[in-house]
Structures are given as structure tokens and as C-alpha cells.
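Below you'll find the structure, written out as C-alpha cells, and then a few comments.
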Amino acid sequence: LPEVVFARHASTTVHSAVDGAIRAGDGALPAEAENRILEAVRATVPEALRRAVTEEALGRARRARGTCLEPVGLEAYERMCGRQVLRRNQDHFRRHFGSGPCSFG
């Protein structure tokens, strides 16, 4: 999991870069803050783990700023695999139980 890789391998430099990006103004993540995170990851994280740590660090900064509009987690999985997990589960339950307020009464 990216969270575990980040917890194990992100140095204080990476954490400081993420914290600085969170506090750097309003709106979308500034390019210079993103570059600081990328440089900190390149300088301190082994090459095999850089992608996971970079994505998690940028994701944490964007989530904390409230600008995480790109697909992550389940949305990314659904796009990658071409299937809709939540919709599939909804369809399954609607087939078995019906839909609407009276279906469970």
C-alpha cells in the first residue's frame, strides 16, 4: 500500500516539503511546491519506491488543501479496470431487494 511505503520511507525532508506545500497559499497546489516535494523524494527515497512515495506525498498535500479532484483509490481502480464497483453493488442489491423506500418495508 502506498500509505505504508510512505510511512516507512518518507524522510523528514519529504514531510517538511508536504507541510510547506499545504501552507503555501490557497487553491491548487503551486508548481514550486510540487517541485520541492519531487526534489525531496528524489534526494531521499530509493529509486524503486519513488513513484509510490511521490504519489502519496502529492496526494496528501492535495487532500489537505482540499484540491484533490483527480481520481484516487476506488475511482482510479474503476478507471483502470473499466468497471464500476459501486454501481455493480447497487445493481446487485436492487435486483434482490428492489428500489425505493418501500423495498425494505
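Gly100 fulfils the conditions (1) at pLDDT 90 or above; (2) open to solvent by less than 60 Å² (accessible area, probe 1.4 Å); (3) of a type outside the set (A, V, I, L, M); (4) more than 19 Å from the chain's Cα centre (by Cα) except for a single criterion, (1). When the criteria are applied in full, Gly25 meets the requirement of being at positive phi and not hydrophobic (A, V, I, L, M, F, W, C). Scanning segment 1-28 for residues that are part of a loop (DSSP other than H, G, I, E, B), open to solvent by 60 Å² or more (accessible area, probe 1.4 Å) and not aliphatic (A, V, I, L, M) turns up just one, Asp26. Restricting to segment 29-70, give me the number of residues that are more than 21 Å from Ala7 (Cβ to Cβ) and loosely packed, with under 12 Cβ neighbours inside 10 Å. Looking only at that region, the number is 5.
The values are calculated or read from the model by the stated rules, or taken from the named source; none is laboratory data. Just so it is clear, the model here is predicted, and its values are computed rather than measured. Glycine also receives a Cβ, built like all others from the backbone with ideal geometry; neighbour counts cover every protein chain displayed. Heavy atoms of the whole protein, side chains included, go into the accessibility calculation; ligands, DNA and RNA do not. Shrake-Rupley method; radii C 1.70, N 1.55, O 1.52, S 1.80 Å.
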